[in-house]
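First up is the structure itself, then whatever we jot down about it.
FYI, it's all coordinate maths here, none of it is from the lab. Quick caveat: nothing in here was measured; it's all calculated off a predicted structure. Glycine gets a Cβ as well: all are built from the backbone with ideal geometry, and neighbour counts include every protein chain shown.
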Amino acid sequence: MTNLSPRFWSELSRKCDVPINALHTFKTYIREDRWTGRLTEVAFWKHLCEAFPSIQKERAKRILLETLRPLPALEMIPHWSRYASIHLLSNHRGEWIRPLLTPVMPYLTSVTISSEAGSCKPSPEIYQKVMQQLCGHHPIVFIDDQVKNLKIAKTFGWHIMLADEEGKWVRRTSALLKSIEKVRGEKNIARNHKN
């Protein structure tokens with residue numbers, strides 16, 4: 001999914017005539033409460049509109065819906081799920097992201113959304129919640145667009161990959177999954193020859 005920042009905030013600034021630096025200060029102030037669910041969606045809109053009277057709630061909600069778009073990698077999930085269990089971990093609001101996930105839900109093994117989990121990346125607590133969803137002793141590849149989140153994942157023994165803006169990580173992920181499948185196939189062939 002697209003991150004709520006910075007596109008939502010820049011569009012809100014432009015369309016509602018609010019200084020972007022003031023919105024960034026507000027965003028930073030409420031960050032953890034918004035992502036962990038301590039600040040409800042209703043309270044988020046209330047605080048936003050009280051802090052910036054030129055912002056009308058319904059207009060801001062429309063801007064949010066316009067700026068939330070699935071990233072191209074979302075289209076890859078059905079394909080990738082043939083090779084690996086896919087667990088989604090997102091700093092987001094469940095109310096905002098779940099509708100965008102509907103088409104790929106059958107291909108996801110688990111979904112952990114920060115507002116529903118009560119903690120957010122890079123807090124180790126949310127990674128532990130994901131660990132409870134993982135099955136078996138298979139290698140874990142954690143992909144994220146922020147280095148601070150990758151560092152925590154590495155402490156759990158997970159392999160990490162930076163989701164670069166150019167999208168090279170999508171090709172690398174596809175290649176990695178294909179190579180894993182190839183190795184599995186070779187092991188199965190070797191096992192069958194022994195029998």
*Exposure rule at most 12 other beta-carbon atoms within 10 Å, DSSP loop GluC sites (Glu not before Pro): the chain longest free segment*: 1-164
*Relative contact order of region 44-158, defined on C-alpha pairs under 8 angstrom at six or more residues apart (%)*: 18 percent
*Once you treat every alpha carbon in region 114-189 as an equal point and sum by Debye, what is log10 I(q)/I(0) at q = 0.11, 0.16, 0.19, 0.21 Å⁻¹?*
-0.35, -0.70, -0.91, -1.03
*region 23-139 - convex hull of the alpha-carbon atoms, volume per residue in Å³*: 117 Å³
_Helix-only estimate, please: 222 nm mean residue ellipticity of the chain, summing -39500 (n - 2.57) across DSSP H runs of length 4 or more and dividing by its residues, to the nearest 500._
-17000 deg cm²/dmol
*Using only the Cα atoms of the chain, construct the convex hull and provide its projected area averaged over every direction, in square nanometres to one decimal.*
12.2 nm²
*Exposure proxy order (Cβ contacts within 10 Å, fewest to most) of L65, L89, L150*: L65, L150, L89
*asked:* Between N149, N21, N91, where does the largest GNM mean-square fluctuation fall for the chain, given springs only between Cα atoms within less than 10 Å?
replied: N21
*Kindly provide the Kirkwood hydrodynamic radius of region 7-67 in Å, to one decimal, from all pairs of distinct alpha carbon atoms.*
11.6 Å
